[in-house]
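K.L.:
Below: one structure in structure tokens.
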Amino acid sequence: MDLLKTIFEKQYELNKRILKERHSQDYDALCDQDKDDMETRKARIEWILNYNRAQIHESIELEDSLPWKWWKDMDEIDWENVRIELIDELHFWVSKCQLVGLNPDSLAELYFKKNQLNQVRQDKGYGSTYQKYDENGVEDNKRMDELLGDK
């Protein structure tokens, strides 16, 4: 069983239900990358921002579960709650992926390319001797295939 695919499918079902029942919106249309009219684009952006804000707030809830306040004692950590907050973040992260057209396969492909680019950056002194912009001001993210030898 492909767990990432299952996670994406379950999140899709949940989002489809919530958007239909609570917002009278069509999640299928929002995720359809061939649909790029102004109304769809505006709604897609709105939902990407909604999911992003929700993910940020889940991240804050995670942070509040950990002893980051140096002025306050926290004797016990509820690790189960930490895990739940991470899962809450995953729900919203997967939702954003779906809205921009990332599925498990394209996500993995892009992840591996970006990971390889990050390795190249480290190998070449990222932050000191490595410059991520070329002479034309184009960032290496935009030139990944060229830099990694993919055509």
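Values in this text are rule-based calculations from the coordinates and carry no lab data. As the structure is a prediction and not an experimental result, all values here were calculated from the model. Reconstructed Cβ throughout: ideal geometry from the backbone, glycine too, with neighbour counts over all protein chains shown.
K.L.:
Per-residue ellipticity at 222 nm for the chain, helices alone: DSSP H runs ≥ 4 residues times -39500 (n - 2.57), over residue total, nearest 500 deg cm²/dmol?
P.N.:
Mean residue ellipticity at 222 nm (helix-derived): -22000 deg cm²/dmol.
K.L.:
So how do T40, T6, T129 line up by other beta-carbon neighbours within 10 Å, fewest first?
P.N.:
In order of increasing Cβ crowding within 10 Å: T129, T6, T40.
K.L.:
Can I ask one more? What's the lysine pair count for segment 104-151 at a Cα cut-off below 16 Å, pairs eight or more apart or interchain?
P.N.:
Going through segment 104-151 pair by pair, I get 10.
K.L.:
Follow-up. About its Cα centre, how strong a charge dipole does segment 1-63 have in debye, to the nearest 20, once Lys and Arg get +1 and Asp and Glu get -1 at the Cβ?
P.N.:
Dipole size: approximately 120 debye.
K.L.:
Once you place label points 7 Å from the Cα toward the Cβ at K132 and D36, how far apart are they in nm?
P.N.:
Inter-label distance under the simple model: 2.5 nm.
K.L.:
Show which aspartates and glutamates lie in cross-link reach of K35 when reach means a straight Cα distance below 16 angstrom and same-chain residues fewer than eight apart are skipped.
P.N.:
Once the sequence-local aspartates and glutamates are set aside, what remains near K35 is D26, E46.
K.L.:
Within segment 31-95, list the GluC sites (Glu not before Pro) lying in a DSSP loop whose Cβ has at most 10 other Cβ atoms in a 10 Å radius.
P.N.:
E76
K.L.:
Please identify, among L117, L62, L99, the residue showing maximal mean-square fluctuation in a Gaussian network model of the chain using a 10 angstrom Cα cutoff.
P.N.:
Comparing L117, L62, L99 in the GNM, the peak value goes to L117.
K.L.:
Now for a different question. Could you work out the relative contact order of the chain? I mean the mean sequence separation of Cα pairs under 8 Å and 6+ apart, divided by the number of residues, in percent.
P.N.:
23 percent
K.L.:
Can I ask one more? Translational D (Stokes-Einstein, µm²/s) of segment 1-102 at 20 °C and 1.002 mPa s when Rh comes from the Kirkwood sum over C-alpha pairs?
P.N.:
The estimated diffusion coefficient comes to 141 µm²/s.
K.L.:
Still on this structure: Which values of log₁₀ I(q)/I(0), to two decimal places, follow from the Debye formula for segment 104-151 at q = 0.17, 0.28 Å⁻¹ with a uniform point scatterer at every Cα?
P.N.:
The Cα Debye sum returns log10 ratios of -0.51, -1.11.
K.L.:
State the extension gain, in nm to one decimal, for the chain segment bounded by N52 and R17, taking 0.36 nm per residue of separation less the distance between their alpha-carbons.
P.N.:
Full extension from N52 to R17 adds 10.7 nm.
K.L.:
Related question: Compute the length gained on full extension between R121 and M74: take 0.36 nm times their separation in residues and subtract their Cα-Cα distance, giving the result in nm to one decimal.
P.N.:
Full extension of this stretch gives 13.1 nm more.
K.L.:
For the chain, build the charge dipole from Cβ charges (+1 Lys, Arg; -1 Asp, Glu) around the Cα centre, then report which of L147, S24, F112 sits farthest towards its positive end.
P.N.:
L147
K.L.:
Using a Förster distance of 25 Å, how high is the FRET efficiency between K142 and S59, based on the Cβ-Cβ distance and rounded to 0.05?
P.N.:
0.35
K.L.:
If you don't mind, another one. Among I77, I56, I48, which one moves the most in a GNM of the chain with springs linking Cα atoms closer than 10 Å?
P.N.:
Comparing I77, I56, I48 in the GNM, the peak value goes to I77.
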